[in-house]
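The values are calculated or read from the model by the stated rules, or taken from the named source; none is laboratory data. What you see is a predicted model, and the numbers here were worked out from it, not measured in a lab. Please note: Cβ atoms are built from the backbone with ideal geometry, for glycine as well, and neighbour counts cover all protein chains shown.
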Amino acid sequence: MDRYRKVIGVFATAFFLCAVVFLFPRTRVHAASEREILPVLELNKLAEFSAPSGASYLEGGTAASSGYMVAFLSSTAGKPNPVQVIDTNTWTAVKTGSAELSHANDMCYVPQRREIYVTPMDRAELIVLEESTLNVKSKIKTLRNYHAIGYDTASDRFAAVFVTGSGAARRLYCDILDGTCQKVLGTFSADTNLTYQGLTVHDSLIYYTSWERGGVNSLYEPVYDGIFQKSDNVIYVYNFSGQLVKRLLVMMPEGYSKFELETASFIGNRMILQFNETLDDASGTRMIGIYEVTAEGLSLAQKAEKEAAEKKAEQEKKALQKLTSRKTAITGITRRKKSLKVRWKKLSAGSVAAEGYEIQLCRKKNFRGRSLKGLVRSGNVCVFRGLKRRTTYYIRVRAYAVRGDQTYYSAWSSKKKVRTR
């Protein structure tokens with residue numbers, strides 16, 4: 001019977017450990033730190049406007065020679081997509097057209113051909129727009145159904161993203177295509193379960209944008225990982241060999257209930273981001289936002305560390321100010337023939353304690369003229385020797401604290417009058 005109970009106990013323990021491993025979230029321990037270590041992009045708003053008539057929301061975008069191109073999803077299925085050209089000086093629409101682009105998720109610009117390549121999500125082809133007219137110039141059949149595309153001018157090659165599998169097995173891949181988009185030069189996996197969005201190439205680096213929908217099990221996001229918060233946006237940066245160079249975090253600013261990054265583009269070295277936004281107001285107004293990245297700022301962890309250091313420094317500054325406004329008090333003087341032993345009360349203010357004390361002894365009550373000074377770096381006792389017998393002296397004490405090359409002094413204590421023996 002005892003042996004039987006031991007076997008049951010072993011199985012019960014094993015079952016419990018398996019339950020702990022598989023049922024409880026394993027990412028929660030490191031999830032917060034993983035989000036906190038990413039550099040947070042600092043943004044400057046360039047434009048915010050409503051979608052044009054006939055559009056439901058913004059999809060692809062790219063910087064072209066004639067302006068910044070954006071394409072919208074048609075609000076009516078089967079209808080042409082609204083396309084706009086935005087002036088990059090005023091960031092206002094200067095031209096509006098339409099083209100049959102289906103669900104045009106992303107686009108890129110090929111400057112030497114003055115063409116815009118568009119990836120419709122529902123078919124294995126690329127739609128080529130003529131920049132000057134915004135009309136469909138041609139269609140290129142592709143090996144896969146790509147949902148985002150970017151172009152590298154220096155090497156005349158494309159990077160295009162596609163997905164495989166479904167549910168939790170869904171994987172995101174990137175094909176490197178030649179200049180004709182007909183030959184695959186290489187493929188690598190982009191490891192993210194966030195909602196895939198857009199793609200751009202700059203200086204032979206691939207910038208892939210993704211969005212955290214916030215716990216929604218959908219075609220785009222099979223698993224909510226709990227690492228990123230709702231409406232967090234993450235830009236994954238790869239090289240053409242498929243190595244992850246870095247990740248960048250874009251957080252939803254105040255005043256919005258949705259902040260969905262669609263794609264990134266570059267005008268020279270200026271990184272431009274476009275968003276589908278929902279304002280945090282009573283009506284839930286939907287807007288289009290275009291922003292410029294002004295800096296790859298501190299990570300959340302670095303920002304928290306900086307804020308904590310600044311807070312500590314401010315508290316210390318206030319404590320030092322309080323210390324300098326206070327004064328200690330002499331608590332006792334022991335007289336001898338040619339010496340005086342002085343005691344005083346230690347001084348502190350908040351988290352700042354005096355690092356030492358300066359004691360001044362003078363035969364004049366205004367402490368002008370020749371005086372003796374003593375410095376005590378620890379303790380609260382000082383002995384003056386070699387004094388004159390039966391002579392009157394005046395004594396006062398002040399505290400000090402040193403920060404860097406600056407010394408902070410408290411007020412002098414009330415002076416004491418004493419006569420040697």
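In summary, ALA160 fulfils each of the numbered conditions (1) surrounded by fewer than 19 Cβ atoms within 10 Å (Cβ to Cβ); (2) within 28 Å of the chain's Cα centre (by Cα); (3) of a type in the set (A, V, I, L, M) with the single exception of condition (1). Here region 35-79 is the region considered, the condition is being among the basic types (Lys, Arg) and farther than 19 Å from TRP91 by Cα, and the residue that is surrounded by the fewest Cβ atoms within 10 Å (Cβ to Cβ) is LYS79. Of the strands (runs of 3 or more DSSP E) contained entirely in region 346-421, those carrying at least 1 residues that are more than 30 Å from GLN315 (Cα to Cα) and among the aromatic types (Phe, Trp, Tyr) fall at 381-384, 392-403.
Of all residues in region 314-345, those being surrounded by 15 or more Cβ atoms within 10 Å (Cβ to Cβ) and either part of a helix (DSSP H, G or I) or touching a Pro at 6+ places or on another chain (Cβ under 9 Å) (or both) number 5. Given the condition surrounded by fewer than 22 Cβ atoms within 10 Å (Cβ to Cβ), charged (D, E, K, R) and part of a loop (DSSP other than H, G, I, E, B), answer yes or no: does some residue in region 95-111 qualify? Yes, that holds for at least one residue. Pairing residues of region 408-421 that are more than 23 Å from SER325 (Cα to Cα) with residues that are small (Gly, Ala, Ser) and modelled with pLDDT under 95, at Cβ distances under 8 Å and at least 6 apart in sequence or on separate chains, gives THR420/SER339. Which of the residues that make up region 78-121 are of a type in the set (S, T, N, Q), within 32 Å of the chain's Cα centre (by Cα) and modelled with pLDDT under 90? Of everything in region 78-121, just one residue is of a type in the set (S, T, N, Q), within 32 Å of the chain's Cα centre (by Cα) and modelled with pLDDT under 90, namely ASN105. Restricting attention to region 275-290, does a residue exist that is hydroxyl-bearing (Ser, Thr, Tyr), more than 30 Å from ASP232 (Cα to Cα) and modelled with pLDDT of 90 or more? Checking region 275-290: not a single residue is hydroxyl-bearing (Ser, Thr, Tyr), more than 30 Å from ASP232 (Cα to Cα) and modelled with pLDDT of 90 or more.
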